[in-house]
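Written out below as structure tokens is the structure these notes cover.
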Amino acid sequence: MSDCSILDGLNARAYEHCIPLNVTLELTLRCNIRCTHCYNFDRDQPRPASGPELSLDEIRPLMDDLRRAGTLFLTLTGGEAMAHPRFWEICDEAASRGFALSVLTNGTLLTDAACERLARIPGLWGVSVSVYGAVASTHDGVTQVAGSFERTMSGSRRLRARGVRTALKFIVMKLNAAEVGAMIAMADAEGFEYAVDPSITGRYDGTSGSLDTRVDAAALEDLYKGPLSGFVGPMRPENPGDDDFKCNCARGNAAVSSTGEVYPCIATPLRAGSVREQPFGEIWGTSPVFRRIRGLRIADFKTCAPCGLKRWCRRSPGPAYLLTGDYTGVDPWTCAEAALLKQLASK
Amino acid sequence: MSDRFRRDTTLPFQEIQGQAVIVVPARRELHELDEAASFLWRQLAAARSVPDLVAALCGEFEVEADAAESDVRDFLKELEGKGLVVRA
């Protein structure tokens, strides 16, 4: 059996039996860059008041709980995860417990020493680095920090040179839409794996300025006719069943915020409980929020259920929830994207 | 060369519904073990010899000692070859 099919099979079993195989742990909301599209909060404003971040003494028993609950793949994110003052200790704690560890980072802190240390972590499954342009002026325009592109790309190269699986994550927005082809060419030329994501969400703090950075319908059409043409295709069968339509949120996936809130995934800050009040395993097993999500049927997605675009729809609950406050809600941008994908595929 | 074996403790793994799943990040590999192999994997949390593992297998499953020893040796050969098990 291939590794891909084993992974697919594991995710299918996690979905069917509600095993939190994949958990994202947000270490901090602190960040050393100020991306215009950040979903945490508006980085041009002071950081909103929130509870203290989970301490290492709180993270250790959380990790033990996750192991008992069935988690194998643990992803550290932020803010900037590597900016957390105990980042390395947290990595060591994760590795010693047998997690396959991933790190999502902006890459600016990938110094020689950091890359060396990451490469020595047993169990490091991979590092995903966010990149917002093919040239410095574009990327730095998004991060609002001069020199960040150079640091991100040189750090990514250093890390990959040490044998760490390093993937570039391209977030597509107005500022870089014209460069997506060049971004992909850059990744191909240097041998990086990459992912491309044109979806931008609202923010945890309730502001929606991040949505102003989203590509409009015309730009999206140009992208899917051009550099993203390989991504045009159906997402699910013609008449999807309940399990074809839902994602792995609250079934195989979960997230824990920097203050201990438990979510169905990191992009959907729908509070199911807090690890400061209850062990993760209890929340996973008993939270009414998770039970409701697990029990949803297509018919519960009132707008989506009768829609003829379901086969083409890349709906993710996060953007819809942040926009409408409803897990089963709709983000019209996603509907427009589905219509476009259907139209392009029929040509 | 030691005649005792243990699992490589640096490798991520998890038991999913009683079956061990082992990850080899450096090679991007996933290995999923069946019920009996998962049982042996659990035994290898500490250093074990072939007779140790045969006795444990016979105690857990209805299997003759000769067949168990053959299974244990095949298991160790395969997992040592894949770098999942090392000599203690």
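The values are calculated or read from the model by the stated rules, or taken from the named source; none is laboratory data. Just so you know, these numbers come straight off a predicted model, no measurement behind them. Every residue, glycine among them, receives a Cβ derived from its backbone with ideal geometry; neighbour counts consider all protein chains shown. What goes into the accessible areas is simple: the full protein's heavy atoms, side chains included, and nothing from ligands, DNA or RNA. Shrake-Rupley method; radii C 1.70, N 1.55, O 1.52, S 1.80 Å.
For the range B:1-50, give me the residue count where each residue is among the acidic types (Asp, Glu), open to solvent by 40 Å² or more (accessible area, probe 1.4 Å) and out of contact with any helix residue (DSSP H, G or I) (no Cβ under 8 Å at 6 or more places or on another chain). Count: 2. Out of curiosity, is residue A:325 at positive phi and not polar (S, T, N, Q)? It is true that residue A:325 is at positive phi and not polar (S, T, N, Q). Go through the range A:312-329 and give me each residue that's part of a helix (DSSP H, G or I) and either buried (at least 19 other Cβ atoms within 10 Å of the Cβ) or touching a Phe, Trp or Tyr at 6+ places or on another chain (Cβ under 6 Å) (or both). Selection gives A:312, A:317, A:318, A:319, A:320, A:321, A:322. So, residue A:10, is that one open to solvent by less than 50 Å² (accessible area, probe 1.4 Å), closer than 29 Å to residue A:277 by Cβ and aliphatic (A, V, I, L, M) or not? So residue A:10 fails the test.
Determine whether residue B:55 is over 17 Å from residue A:9 (Cβ atoms), open to solvent by 40 Å² or more (accessible area, probe 1.4 Å) and within 14 Å of chain A (Cβ to nearest Cβ). No: the conditions fail for residue B:55. If the condition is being in contact with a Cys (Cβ under 7 Å, 6 or more places away or on another chain) and either in a helix (DSSP H, G or I) or at positive phi (or both), then the range A:330-347 contributes A:334, A:338. Among the residues of the range A:330-347, is there at least one that is open to solvent by less than 40 Å² (accessible area, probe 1.4 Å), within 25 Å of residue A:77 (Cβ to Cβ) and in contact with a Gly (Cβ under 8 Å, 6 or more places away or on another chain)? For the range A:330-347, residues open to solvent by less than 40 Å² (accessible area, probe 1.4 Å), within 25 Å of residue A:77 (Cβ to Cβ) and in contact with a Gly (Cβ under 8 Å, 6 or more places away or on another chain): absent.
Among the residues of the range A:74-106, the one identified as aromatic (Phe, Trp, Tyr) and crowded, with 24+ Cβ neighbours inside 10 Å is A:99.
Name the helices (runs of 4 or more DSSP H) wholly inside chain B in which the number of residues that are more than 11 Å from the chain's Cα centre (by Cα) is 3 or more. The helices (runs of 4 or more DSSP H) meeting that bar are B:50-60, B:65-81.
Residues that are in a loop (DSSP other than H, G, I, E, B) and free of Cβ contacts under 8 Å to residues at least 40 places away in the same chain were ranked within the range A:1-43; the one that is farthest from residue A:79 (Cα to Cα) is A:1.
So, of the residues in the range A:178-187 that are open to solvent by less than 30 Å² (accessible area, probe 1.4 Å) and closer than 16 Å to residue A:231 by Cα, which turns out to be farthest from the other protein chains (Cβ to nearest Cβ)? Across the range A:178-187, the extreme among qualifying residues is A:180. Considering the range A:151-177, the residues that are within 14 Å of chain B (Cβ to nearest Cβ) and either more than 30 Å from residue A:337 (Cβ to Cβ) or not charged (D, E, K, R) (or both) include one that is surrounded by the fewest Cβ atoms within 10 Å (Cβ to Cβ), namely A:163.
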